[in-house]
Amino acid sequence: MATFHIPPTSESKGCHPLTLTRELGDFPLANVPLRRHQQAALLTSGLTEVSSAEADVVVHPAAWFAPAELATFLADASYGSLVAADGSVLLTRKVGSRALQAAQSFAITYSWDLLRANVEAMTARKAYVQESGAHPSLYVDGRLQVGKGTKILPGVVIEGDVIIGDHCKVGPNCYIRGSTSIGDKCHVGQAVEIKNSILLPGTNVGHLSYLGDSILGEKVNFGAGTITSNLRHDGGAHRSPIEGRMVDTGRRKLGAIVGDGVHTGIHTSLYPGRKLWPKTSTLPGAIVDKDLLS
């Protein structure tokens, strides 16, 4: 039986500040770690995981697979590599000399790539299960998963694919749009709108906030009225600083990338594509127009 191996994740500087406190393989997409998504795709394809780099197939630790391209690669032993559009080698095989050029599979190189993978993970998910009750006023136009012990209060509106973890509190009167995944023990409260975002466990967005196309790490607290901006006035693609250079994200909409343990003061405004390093904070009324480093 063919085998595969996923090496440990490298430093992943392009995904800082999120990978300053965790390996990229542990980052949750649709509330499931990236490494488990990779394992599931390959195990479903009939491969067996081993701990050795001498496996038949070696996996790029940041690879995200389009199912059809993965199936094409594995079905044809003449392919020795699956190569993403940016040149990243997502899979290598002992046998085979040809390269399969991927159109949809990619390597998660930058933090905003996690948003793309999260959308694909949620879209591909077949079963959305509600394990907790909700107030009768809950309105859902899409697919909603709710974990154990989660409370959904009056006036909550869900649109698109939304996953909410265990022991969360959601509402009252909040609007959550897909594709949004919310980890365990989070609080999303009064008059909060969240769209196409990822919240890691223990995070609070309690009052009067807008969070769009953004990622919040663990145990983040958004002060009341914290707003993320995600759209340029000219409608162009956002650029974001990475190690001293501005990188074109290719995204028309991109909000904030926020590390673990960040606290914002009330009425904080965050420019598009800005990143806040773990355990940083802002004062009331702050305008974050540059990355906030530790």
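The values are calculated or read from the model by the stated rules, or taken from the named source; none is laboratory data. Note that the structure is predicted; figures quoted are calculated from it, not measured. Virtual Cβ from ideal backbone geometry, glycine too; neighbours counted across all protein chains shown.
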Task: Which listed residue is in contact (Cβ under 8 Å) with a residue 40 or more places away in the chain, farther than 24 Å from residue 273 by Cβ and not assigned by TED's automatic domain parsing to the domain that holds residue 256, from 97, 105, 81 - done: 105
Task: Single residue of the stretch 204-226 satisfying the filter (of a type in the set (A, V, I, L, M, F, W, C) and within 19 Å of the chain's Cα centre (by Cα)) that is nearest to residue 177 (Cα to Cα) - done: 211
Open item on the list: For the stretch 30-79, give me each residue that is polar (S, T, N, Q), buried (at least 20 other Cβ atoms within 10 Å of the Cβ) and not in a helix (DSSP H, G or I).
Closed with: 31
TODO: Quick one: in the stretch 89-117, of everything that is among the hydrophobic types (A, V, I, L, M, F, W, C) and assigned to a helix (DSSP H, G or I), which residue is farthest from residue 66 (Cα to Cα)?
DONE: 112
Open item on the list: Only one of 241, 284 is in the same structural domain as residue 170 (by TED's automatic domain parsing), surrounded by fewer than 18 Cβ atoms within 10 Å (Cβ to Cβ) and outside any loop (DSSP other than H, G, I, E, B). Can you tell me which?
Closed with: 241
Open item on the list: Please pick out the residue among 136, 201 that is under 26 Å from residue 251 (Cβ atoms) and either aromatic (Phe, Trp, Tyr) or in a loop (DSSP other than H, G, I, E, B) (or both).
Closed with: 201
Open item on the list: Considering only the stretch 118-132, I want to know if a residue exists there that is surrounded by 14 or more Cβ atoms within 10 Å (Cβ to Cβ), outside the structural domain of residue 42 (by TED's automatic domain parsing), out of contact with any Lys or Arg (no Cβ under 9 Å at 6 or more places or on another chain) and in a loop (DSSP other than H, G, I, E, B).
Closed with: no
Task: Per-region count, the stretch 177-204, residues among the aliphatic types (A, V, I, L, M), more than 18 Å from residue 22 (Cβ to Cβ) and out of contact with any Lys or Arg (no Cβ under 8 Å at 6 or more places or on another chain) - done: 2
TODO: Search the stretch 6-19 for residues being buried (at least 17 other Cβ atoms within 10 Å of the Cβ) and over 15 Å from the mean Cα position of the chain (by Cα), and hand back the single one that is farthest from residue 37 (Cα to Cα).
DONE: 9
TODO: Output the number of residues of the stretch 161-179 satisfying the condition of being surrounded by 19 or more Cβ atoms within 10 Å (Cβ to Cβ) and within 21 Å of residue 269 (Cα to Cα).
DONE: 3
- [ ] Kindly indicate whether residue 225 is at pLDDT 95 or above and either in the same structural domain as residue 276 (by TED's automatic domain parsing) or part of a loop (DSSP other than H, G, I, E, B) (or both).
- [x] yes
